[in-house]
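Contents: one structure, followed by commentary.
The values are calculated or read from the model by the stated rules, or taken from the named source; none is laboratory data. Since this is a predicted model, take the numbers as computed values, not measurements. Cβ atoms come from the backbone with ideal geometry, glycine included; neighbour counts cover every protein chain shown. When the accessible area is computed, the model is the full protein with side chains, heavy atoms only, and any ligands, DNA or RNA have been set aside. Shrake-Rupley method; radii C 1.70, N 1.55, O 1.52, S 1.80 Å.
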Amino acid sequence: MSAKRVFIVGGVAGGASCAARLRRMDESAEIVMFERGPDVSFANCGLPYYLGGVIEQRDDLLVASPERFRTVFNVDVRVRHEVRAIDPGAKTINVADLATGSTSTESYDVLVLAPGAEPVRPPLPGIDSPGVFTLRSLEDTDAILAAITQREARRAVIIGAGYIGLEMAENLVRRQMSVTVLELLPQVMAPMDPEMVTPAQEELRHHGVDLRLQTPASAIEMGPGGDVLTVQTTAGEHLPADLVILAVGVKPEVHLAEQAGLALGTTGGIKVDDQMRTSDPHIFAVGDAVEVRDFVTGQPTLIPLAGPANRQGRVAADVIAGRDARFRGTQGTAVCGMFGLTLAMTGASEKVLRRNDIAYQKSYTHSPDHASYYPGAEQMAIKLLFDPGDGRVLGAQAVGRAGVEKRIDVIAMAIQKGATVFDLEEAELCYAPQYGNAKDPVNMAGFVAGNILRGDIDVVHWDQWQQVQHHPADEQTPLVLDVRPPENVAAAAVPGTMKIPLGKLREHIAELPRDREIWVHCGIGQASYYANRVLRQCGFQRVKNLSGGITSFKMQP
Ligand code: FAD
């Protein structure tokens, strides 16, 4: 029997990973990787940092060259070759050599589509003006750098505040540019819940980024000289810019799949099974182009991230090589940094759970990334979402300056293994003072969630508290009890609350009403938890804790 001929369309994350893995599994296969662009396996995730000058050498973005694929993996790499059509019946593809303009038809046994996702270009007037860029490839990066130099660009407008928009904002500020970010939604980083991104919004503004939420761009106009652009917003503003970066999201590249008659999913991505097989048994698809199953909700979704693309490439390769590999679904584990602040998430957000009508409970904790007695400890906020019945972890988001992604990574694995908040309580994690805490932030999140589920504590959240604050503290509304030490109260008093420091609670307990609901708060929700336990054990049944304390309250959008 002759060796299997495997063609791969797309030579970056999913495609390159598939090619390299397949060679490790099958030495005899003939593997050909077609890539439209001039490079394979380049680091798209590093592009913003090259633009900002953090990555100094362009070559450092080239993770593996075509030559390396040839010599190390015996993969026939054809760059500047675009696959234009597939004939699934004949099992052939039509390929254009972009260097010569010639086309050819070639036969495959197995085809893997890894064409990625293309930037969304909303139909705004002036969107095609010179000076308006999207960022996907090294050529896009070269074009942006050239424009910055030629135009001596000082002002940039970024349309879209997802992670690419935010990373670009940080990197253009690094280049001393004045940056405006326009965002349609009332928050940055749409996959996260709004209260978890307010620190990022503050951080951006603190570093001089003119962040305008709920301010979509409505048109782009070119000035008389052609160099200066004006971005109009729906609010009627006209923002001058030397450079416009369009970062409003991506959509799966499905032209080839559509032309070949492959089934698409409800989200518009290529439909695949858990072995990455499309509706044609000889064609696989991986990466940003495919529709995935959300690991938590079970719903079809699009989650364009490098980790899933690489894993899917491996799964497809294993299946092609005859192994019974399966893709588990995508959790959306993601991290984004700006100006030293880190945002990270895994699993479902609260808005996704609500949208899917999935019951949940939540907790907020604020813990230092390492022992507070060791210099440099930084507090991080963790929001944990969990099943109110069995405590299964459904999602987590965190924001802070150090150790944030490490905690989200731990919780990501917990979600993948179906673990509960009780498992987080038990997680045995690294500890020495400069790295963590004997009670790690992940343990702390588990303890608080466990306390809620065991009924040791009742909680209210910042949004409920916000509503009560707007009413006078009459008998009909809960009594809000502040148990912070006097010096903290003096520094940031909360009006309309009764103030008894935790240490004095037992002596003043008789002053508290037994027939009224009491909401206890402190700075981060820990001292108030202790107070809750005192009150509960002294017979107060209607007592609740403000989860995450004033710190969470202040994060409200
Ligand atoms: P791609 O990596 O996009 O590769 C697809 C390739 O297919 C392209 O090179 C394209 O030219 C080629 N192609 C398409 N059609 C054809 C055709 N017909 N013939 C031949 N070739 C074709 N993800 C993260 O998880 N973390 C990050 O920090 C992160 N940062 C990012 C920053 C930027 C600026 C960008 C653009 C993306 C970032 N991503 C990040 C997303 C991540 O890069 C993608 O999820 C991942 O690259 C998807 O892999 P893929 O193989 O599906 O597609």
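The D128 and L184 beta-carbon pair, evaluated with R₀ = 25 Å, returns a calculated FRET efficiency of approximately 0.80.
Using the average count of surrounding beta-carbon atoms within 10 Å as a protection proxy, the listed peptides 410-419, 382-391, 158-167 rank, highest first, as 158-167, 382-391, 410-419.
Taking only the Cα atoms of the range 132-248, the radius of gyration and Dmax are 13.6, 43 Å.
Highest mean first, how do 321-331, 295-305 rank when packing is the count of other Cβ atoms within 10 Å averaged over residues? Walk me through the numbers before you get to the answer.
Numbers: 321-331: 16.0, 295-305: 18.5.
For the peptides 321-331, 295-305, the packing ranking is 295-305, 321-331.
For the chain, give me the percentage of DSSP beta bridges that are antiparallel, rounded to the nearest 5 percent. Just about 55 percent of them are antiparallel.
This model, with +1 at the C-beta of Lys and Arg and -1 at the C-beta of Asp and Glu, gives the chain a dipole about its Cα centre of some 860 debye.
Each part gets one Cα centre, and for the range 195-253 versus the range 69-120 those centres are 37 Å apart. Measuring against 25 Å, Cα to Cα, the residue pairs K383/K439; K406/K439; K383/K417; K91/K271; K406/K544 contain K406/K544 as the ones spanning a longer distance.
Under 5 Å from the amide H of I55 lie the amide H atoms of Y50, each residue being 5 or more positions distant or on a separate chain, with H modelled from the backbone and absent for Pro and chain starts. Coupling constants for the range 489-501 follow from the phi torsions by the Karplus curve (6.51 cos²θ - 1.76 cosθ + 1.60, θ = phi - 60°), and in residue order they are 5, 4, 6, 8, 6, 10, x, x, 10, 8, 10, 9, x Hz; glycine and proline get x. Once the Cα atoms are used to define both axes, helix 138-150 deviates from the longest principal axis of the chain by about 80 degrees. Full extension of the chain between L145 and E237 yields a length gain of 30.4 nm, computed as 0.36 nm times the residue separation minus the alpha carbon distance. Along the range 435-441 the Karplus relation, 6.51 cos²θ - 1.76 cosθ + 1.60 evaluated at θ = phi - 60°, assigns HN-Hα couplings of 10, x, 9, 4, 10, 5, x Hz to successive residues, with x for each Gly and Pro. With a cut-off of 18 Å on the backbone N, the residues of the range 105-131 near the modelled label site 7 Å out from S218 along Cα-Cβ are 122-127.
If I compute solvent accessible area with a 1.4 Å probe over the protein chains, what percent of it on the range 192-295 is carbon and sulfur? Walk me through the numbers on the way to the answer.
Numbers: 2100 of 4200 Å².
Whole-percent figure for carbon plus sulfur exposure: 50.
For D210 and Q556, the difference between the fully extended length at 0.36 nm per residue and the C-alpha to C-alpha distance is 122.5 nm.
Which order do the peptides 257-267, 271-281 come out in when sorted by mean C-beta neighbours inside 10 angstrom, highest first? Walk me through the numbers on the way to the answer.
Details: 257-267: 16.2, 271-281: 18.7.
Ranked from most to least packed, the peptides come out as 271-281, 257-267.
Using θ = phi - 60° in the Karplus curve 6.51 cos²θ - 1.76 cosθ + 1.60, the 3J(HN,Hα) couplings for the range 50-64 round to 6, 5, x, x, 5, 8, 7, 9, 4, 4, 5, 7, 8, 5, 9 Hz; x is entered for Gly and Pro. Using a probe of 1.4 angstrom and keeping all protein chains present, the accessible surface of the range 340-454 works out to 41 square angstrom per residue. Pairwise alpha-carbon distances in the chain exceed 45 Å for 25% of all pairs.
Summarising the amide proton neighbourhood of V112: residues at separation of 5 or more, or on other chains, whose placed amide H is nearer than 5 Å comprise F7, I8, V9, F284.
Amide H contacts under 5 Å for V480: M498, W519, restricted to partners 5 or more places along the chain or on a different chain, H placed in the peptide plane at 1.01 Å from N. Do the sum for the chain: with -39,500 (n - 2.57) for every DSSP H run of n ≥ 4, divided by all residues, what is the mean residue ellipticity at 222 nm, to the nearest 500 deg cm²/dmol? After summing the helix terms and dividing by the residues of the chain, the value is -8000 deg cm²/dmol. Placing a pseudo-label 7 Å from each Cα along the Cα-to-Cβ vector at K504 and R80 gives an inter-label distance of 8.0 nm. Subtracting the Cα-Cα distance of L62 and D324 from their residue separation scaled by 0.36 nm leaves 91.1 nm.
In Å², what does the accessible area per residue of the range 90-237 work out to with a 1.4 Å probe? If you can, show how the numbers build up before the last one.
Numbers: 6100 Å² over 148 residues.
Accessible surface, normalised per residue, equals 41 Å².
DSSP beta bridges in the range 132-248, what fraction antiparallel, as a percent rounded to 5? Mind dumping the intermediate values first?
Values: 9 of 23 bridges.
So the antiparallel bridges in the range 132-248 amount to around 40 percent.
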